[in-house]
Amino acid sequence: MTKRIGYVAIALFLTTILPCAAFARQVYYGSETESVSVAYGGPTIFRFNEPVKTISQATRFTITPADEENPNYAVLSVTPRFSEGKDKVTFILSDGAVINIKIVTVTKAIPERTDSFYDFKPKESLLESLDKHQDTAVLSELDLMKAMIRGDAVTGYKTEPISRLVNSGIANISARLVRVYTGPKYNGYIFKVKNHDSKKEYLLSPQNLSLGQPNTALLSQVDRQVLGTTEKDNFAYLRIVAKPTSIYYNVNLPVAPIIKK
């Protein structure tokens, strides 16, 4: 009886989520390792363009067909076994495509966490889309950055003020996430980076910034590169447009002290 109830629950879950594939996080795969996050405490659905033939060992995750009663190996359920951790998992599709995915377990409390569905597509399909709509694809990235600079709302994106410290990795430098934009194509982050050293200036170089490994940052901008020593100039707002699989606390800030000769 319990097992049957479990099947019914899964079926209801799939009935609810599969028609909403348009709201899934799309991940375009190629030869690089893609990084995705899954929330602890429940399943995340991975949908592939072809059935999965083999899966490498994943000690930290349970990976099964989403509907075990009527298995479809193109739609898998990924459930973390532990509250934190990560695994690099290789999925080999029936057409021979090899997809390397770094799966990272996160808490449901992270601000980017807005879905439980990833739709994996070959990178060739993205390139075809870019060829047809190249100007729109480029502008959409830039439009989000412009909206973040102006403080505007963006249609289709959730905007959330927030206050979360992240590790800057540098003494006397603090970084606080103050706003998040989440949507189907990108995540947007605004950090307030502050220098707490009253005697030493620091240089903030957004061109050297990275967000995760592999790097998921696409665009970055800062309103002040030199973090001074007074209350008027010791802080800057750093804005990042990143892939929808990014996680805010994976930011690697490119900050270095300015050595005066």
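The values are calculated or read from the model by the stated rules, or taken from the named source; none is laboratory data. Because the structure is a prediction, the values reported are computed rather than measured. Note that we place each Cβ from the backbone using ideal geometry, even for glycine, and neighbour counts take in every protein chain shown.
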Selection count where residues are at pLDDT 90 or above and touching a strand residue (DSSP E or B) at 6+ places or on another chain (Cβ under 7 Å), scope region 147-158: 2
When residues of region 81-108 are limited to those that are more than 14 Å from the chain's Cα centre (by Cα) and under 25 Å from LEU165 (Cβ atoms), the one surrounded by the most Cβ atoms within 10 Å (Cβ to Cβ): LYS86
Filtered residue count, region 206-250, keeping only those that are touching a strand residue (DSSP E or B) at 6+ places or on another chain (Cβ under 8 Å) and in a helix (DSSP H, G or I): 5
Any hit, region 50-66, residues being buried (at least 19 other Cβ atoms within 10 Å of the Cβ) and over 21 Å from the mean Cα position of the chain (by Cα): yes
Every residue from region 249-261 that is under 21 Å from MET145 (Cα atoms) and surrounded by fewer than 21 Cβ atoms within 10 Å (Cβ to Cβ): TYR249, ASN250, ASN252, PRO254
